[in-house]
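Undergrad: Let me give you the structure first, and then I'll get to my questions.
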Amino acid sequence: MTMTETAEGIVPDAAPPAIYRLAGVTRTYTQKGRVVKALAGVDLTIETGDFVTIQGPTGGGKSTLLQLLGALDRPSSGAVRLGHVDIATASNRELSRIRAHEIGFVFQGFNLIPTLTAHENVDMALEPLGLAKGERTARATEALTHVGLADRADHRPGELSGGQQQRVAIARAIVKRPRVLLADEPTGNLDESMRDEILEVLQALNEEGLTLIVVTHDSAVARRARRRLRLDRGTVRDITR
Ligand code: ADP
Ligand code: MG
């Protein structure tokens, strides 16, 4: 806890409100007439500025949960509150605004556009924000500098290593200055040294105050987290020691 000196003496700072509050969240899918409970009643609070990893077996519900946190999907029942907005009941227009402004997403497969340069890939994420061209260019350059790739701005993804491509994807995710970065197996396609390169970037972003939620199979990634969750058969358990 941090403390502040005031006229009343030294008092603890008010904790910033939690970024996410989930209550009774289920998500069911119908597969060939059979109902699958991908999430079977999740209650979870995630604090602003935390670094949380989500581990667990394939099919456990990790990607389903991340999609709800990213306002890409709605729960079948329950509440998914991001700040004051409940993703379950918000309008589609509000969900698009949240995705454009508040959420950065990073995927295992980088998902860069192969015909565009690194700078153009990053710049694209700013399209929905309606910024002036000069401001967009400056912010894209700043984001690439932030991930240590200023000197690769004019390269296309095919001319970059896997680790460099993932750093471009992280730059694309942070360029809009989101409240939270969600990553689904961000190091799943990378060898150990590239994995460490991505971990350094993620950890530095968290130290600057960005909330990180990372789905991972890799215990080396989970060891860096402040809070570790396990998601198995649609149920979340806190496994932080
Ligand atoms: P994980 O990411 O942990 O591997 P998922 O969230 O992808 O798990 O999947 C959880 C369960 O939900 C699995 O049984 C999966 O088959 C099912 N599922 C996920 N997405 C869909 C979908 N779009 N349609 C039908 N079933 C799905
Ligand atoms: Mg998955």
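The values are calculated or read from the model by the stated rules, or taken from the named source; none is laboratory data. Owing to the predicted nature of the structure, the values given are computational and were not obtained by experimental measurement. Because the Cβ atoms are built from the backbone with ideal geometry, glycine has one as well, and the counts that use them run over all protein chains shown. Note: areas computed on protein heavy atoms with side chains; ligands, DNA, RNA excluded. Shrake-Rupley method; radii C 1.70, N 1.55, O 1.52, S 1.80 Å.
Undergrad: Quote the convex hull volume per residue of the chain, based on C-alpha atoms, as a whole number of Å³.
TA: Cα convex hull per residue, to the nearest whole number: 165 Å³.
Undergrad: Please get the size of the charge dipole for the chain, origin at its Cα centre, with Cβ charges of +1 on Lys and Arg and -1 on Asp and Glu, quoted in debye to the nearest 20.
TA: Dipole magnitude for the chain comes out near 1120 debye.
Undergrad: With both bridge residues required to lie in the chain, what share of the DSSP beta bridges run antiparallel, to the nearest 5%?
TA: Counting only bridges with both partners in the chain, antiparallel ones make up about 60 percent.
Undergrad: Can you pull the one-decimal nm distance between simple spin-label points at K37 and N111, each 7 Å off the Cα toward Cβ?
TA: Spacing of the two 7 Å Cα→Cβ label points: 2.9 nm.
Undergrad: Could you check the simple spin-label distance between I239 and R179, using points 7 Å along Cα→Cβ, in nm with one decimal?
TA: 2.9 nm
Undergrad: Identify which of T187, T58, T30 has the largest mean-square fluctuation in a Gaussian network model of the chain, with springs joining Cα atoms closer than 10 Å.
TA: It is T30.
Undergrad: Most mobile of K176, K133, K62 per a Gaussian network model of the chain (Cα springs, under 10 Å)?
TA: K133
Undergrad: Let me ask another. What Rg and what Dmax come out for the stretch 109-234 when only alpha-carbon atoms are used, in angstroms?
TA: 14.7, 48
Undergrad: What list of ³J(HN,Hα) couplings, whole Hz, do you get for the stretch 227-235 from phi and the Karplus terms 6.51, -1.76, 1.60, once you set θ to phi - 60° and write x for glycine and proline?
TA: 9, 10, 10, 10, 10, 9, 6, x, 10
Undergrad: Hey, another quick one. Find the accessible area per residue for the chain; the probe is 1.4 Å, ligands and nucleic acids are left out, and the unit is Å².
TA: So the chain comes to 50 Å² accessible per residue, rounded to a whole number.
Undergrad: How many percent of the accessible area of the stretch 120-224 is carbon or sulfur, using a 1.4 Å probe?
TA: Solvent-exposed carbon and sulfur of the stretch 120-224 make up 45 percent of the total.
Undergrad: Using only Cα positions of the stretch 59-127, each an equal point scatterer, no hydration layer, compute I(q)/I(0) via Debye at q = 0.14, 0.18, 0.26, 0.27 Å⁻¹ and quote the log10 values to two decimals.
TA: One equal scatterer on each Cα of the stretch 59-127 leads to -0.53, -0.78, -1.17, -1.22.
Undergrad: Run through all the Cα pairs of the stretch 20-114 and give the fraction in each 10 Å bin from 0, expressed as whole percent.
TA: Result returned by the calculation: 14, 45, 34, 7, 0.
Undergrad: Picking from D151, D218, D73, which is most flexible by a Gaussian network model of the chain using Cα springs under 10 Å?
TA: Judging by the Gaussian network model, the answer is D151.
Undergrad: Of T115, S76, Q203, which is farthest on the positive side of the dipole of the chain, counting Cα position, with +1 on Lys and Arg Cβ, -1 on Asp and Glu Cβ, and the Cα centre as origin?
TA: It is S76.
Undergrad: For the stretch 47-98, restrict the atom set to alpha-carbon positions and state the Rg and Dmax in Å.
TA: 12.0, 34
Undergrad: Where a Cα-Cα gap under 30 Å defines reach, which lysines qualify for K32, not counting those fewer than 8 residues away within the same chain?
TA: Of all the lysines, those that pass the test against K32 - Cα under 30 Å, at least 8 places apart if same chain - are K62.
Undergrad: Please enumerate, by chain and number, the lysines with C-alpha under 18 Å from the C-alpha of K176, excluding those fewer than 8 residues away in the same chain.
TA: K133
Undergrad: Additional query: What are the ³J(HN,Hα) values, in whole Hz, obtained from phi via the Karplus relation 6.51 cos²θ - 1.76 cosθ + 1.60 with θ = phi - 60°, for each residue of the stretch 25-42 in sequence order, with x given for Gly and Pro?
TA: Whole-Hz 3J(HN,Hα) from phi for the stretch 25-42: 7, 10, 9, 10, 10, 9, 10, 6, x, 9, 8, 10, 8, 5, 10, 10, x, 10.
Undergrad: So, in Å, what gap is there between the alpha-carbon centers of the stretch 81-125 and the stretch 12-58?
TA: Value for the Cα centre distance between the two parts: 18 Å.
Undergrad: Express the relative contact order of the chain as a whole percentage, based on alpha carbon pairs under 8 Å and six or more residues apart in sequence.
TA: Reported as a whole number, the value is 26 percent.
Undergrad: Going by amide H atoms built from the backbone, whose H comes under 5 Å of the H on T235, apart from near neighbours?
TA: Answer set, sorted by chain and number: A40.
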